[in-house]
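The values are calculated or read from the model by the stated rules, or taken from the named source; none is laboratory data. Nothing here was measured: the structure is a model prediction, and the numbers come from that model. Note that each Cβ is placed from the backbone with ideal geometry, even for glycine, and that neighbours are counted across all protein chains shown.
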Amino acid sequence: MHIRNLIFFLVFVTCGVLIAMFSVPSIHNQLGSDFVRTELILKTLKDKESPPDLVLFGNSILMNGIDGQLLSKISGGTKVYNLSSSGQNLYESSLYYQEVPAGVKMVVQFVQAELLSDFPKNRFDDRVARNFYLYGYRPRPETYRLLGDSLLNYFKEPFYEIYADSRAIVSTSINQSFRRVLRKDLNLRALATEIYYPYTYTTRLDSATYFRRIQVNSPPELMTTYQVSPEAVAVLNKMKDYFSDRGIEYKVVVFPINPDLSNFSDRYKSEAENILTNLTTTKFDLISMINLLNADEFIDHVHPTPEGAKKMTQAFAEKIYR
């Protein structure tokens with residue numbers, strides 16, 4: 001009798017564990033977080049019926065910085081998708097590249113100048129890989145060739161280990177709830193719905209908060225010289241070749257730097273502008289916006305105001321449609 005009860009108990013516990021484990025993707029998809037934007041981007045790229053002409057990838061600066069509908073109007077009807085997301089660096093963007101549909105004419109990757117200098121910071125962590133995995137993403141052979149095995153190791157983990165590693169999705173959802181409370185100006189609905197102009201930061205911070213952000217996010221030491229990492233150029237050249245083989249143009253744009261971030265010295269910005277626009281080792285076109293915006297055209301330390309976004313969009317249009 002005791003043995004039968006023990007067997008029943010073990011079967012019951014095992015079933016409970018299996019149900020909980022296989023419920024992880026569903027729970028992940030239902031809980032709100034910044035990562036919900038990954039699902040929207042993947043679904044948008046899988047729509048092969050009516051592909052866009054131009055796809056933009058990058059982080060939240062791009063979310064706030066380029067209005068795809070305005071860009072479409074300026075260009076006379078070009079269909080533009082702004083598929084940026086919070087924290088989306090170059091390597092995270094490149095996970096999406098395999099999903100870019102045939103029919104797209106141009107892909108533009110937006111990057112921060114400092115990340116072309118300190119290139120290892122472009123690596124994504126396991127949270128990003130887990131998020132892609134739980135939305136059904138699997139790297140194809142072309143992505144392994146593009147990025148290498150070491151960057152994609154997480155996707156080779158046994159599914160049950162990835163599911164067991166997913167307990168953090170609850171804390172991620174809670175963090176977003178706190179953000180809603182602390183930043184009433186956030187337009188978080190755009191994360192899950194907007195593919196043209198997904199701006200989330202809507203109101204310029206008050207002066208005291210703004211300058212606290214400036215202080216916290218300025219480099220700890222004065223930056224006076226700029227160098228581009230050879231690894232960055234090599235990787236971006238590889239991306240260019242990948243898209244050229246698919247008949248798609250590939251360009252790189254460097255974001256504006258807020259002039260109030262004074263530890264990015266004028267000399268640093270001038271050198272960066274000069275070096276980036278005169279590189280002779282690149283196969284791709286590089287557009288620099290480093291000195292484009294004034295300090296009052298930023299909502300906080302990095303995100304453009306609506307006026308700043310209009311200025312960025314117009315400057316970008318002049319470069320790619322000239």
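Within the stretch 242-253, is even one residue hydroxyl-bearing (Ser, Thr, Tyr) and farther than 18 Å from SER93 by Cβ?
No; the residues of the stretch 242-253 include none that is hydroxyl-bearing (Ser, Thr, Tyr) and farther than 18 Å from SER93 by Cβ.
What's the number of the only condition in (1) over 30 Å from GLY77 (Cα atoms); (2) acidic (Asp, Glu); (3) surrounded by fewer than 13 Cβ atoms within 10 Å (Cβ to Cβ) that ASP300 fails to meet?
ASP300 satisfies every listed condition except (3).
Quick check on ALA102: is it hydrophobic (A, V, I, L, M, F, W, C), modelled with pLDDT of 90 or more and over 19 Å from ALA232 (Cβ atoms)?
In short, yes.
Condition (residue is within 19 Å of the chain's Cα centre (by Cα), among the basic types (Lys, Arg) and not in a loop (DSSP other than H, G, I, E, B)) applied to the stretch 302-320: is it met by at least one residue?
No, the stretch 302-320 contains no residue that is within 19 Å of the chain's Cα centre (by Cα), among the basic types (Lys, Arg) and not in a loop (DSSP other than H, G, I, E, B).
To keep it simple, each residue is scored yes or no on (1) of a type in the set (Val, Ile, Thr); (2) modelled with pLDDT of 95 or more; (3) over 30 Å from SER218 (Cα atoms).
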{"position": "PRO230", "(1), (2), (3)": "no, no, no"}
{"position": "LYS240", "(1), (2), (3)": "no, yes, yes"}
{"position": "PHE243", "(1), (2), (3)": "no, yes, yes"}
{"position": "ILE248", "(1), (2), (3)": "yes, yes, yes"}
{"position": "VAL252", "(1), (2), (3)": "yes, yes, no"}
{"position": "ILE257", "(1), (2), (3)": "yes, yes, no"}
{"position": "LEU261", "(1), (2), (3)": "no, yes, no"}
{"position": "LEU276", "(1), (2), (3)": "no, no, no"}
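Just checking: which of the helices (runs of 4 or more DSSP H) contained wholly in the stretch 112-196 hold 1 or more residues that are surrounded by fewer than 18 Cβ atoms within 10 Å (Cβ to Cβ) and at pLDDT below 85?
Once the helices (runs of 4 or more DSSP H) in the stretch 112-196 are filtered for at least 1 residues that are surrounded by fewer than 18 Cβ atoms within 10 Å (Cβ to Cβ) and at pLDDT below 85, what remains is 159-164, 168-182, 189-193.
Restricting attention to the stretch 222-272, which residues are surrounded by 15 or more Cβ atoms within 10 Å (Cβ to Cβ), among the acidic types (Asp, Glu) and assigned to a helix (DSSP H, G or I)?
The one that is surrounded by 15 or more Cβ atoms within 10 Å (Cβ to Cβ), among the acidic types (Asp, Glu) and assigned to a helix (DSSP H, G or I): GLU271.
Look through the stretch 74-106, keep the residues that are among the aliphatic types (A, V, I, L, M) and buried (at least 24 other Cβ atoms within 10 Å of the Cβ), and return whichever of them is farthest from HIS303 (Cα to Cα).
Residue satisfying both the conditions and the ranking: LEU95.
Which of the helices (runs of 4 or more DSSP H) found entirely inside the stretch 1-85 contain at least 2 residues meeting this: at pLDDT 85 or above and more than 27 Å from ARG204 (Cα to Cα)?
Helices (runs of 4 or more DSSP H) meeting the threshold: 36-46.
Any chance you could count how many residues in the stretch 46-77 are under 18 Å from TYR199 (Cα atoms) and among the acidic types (Asp, Glu)?
Number satisfying all stated conditions: 1.
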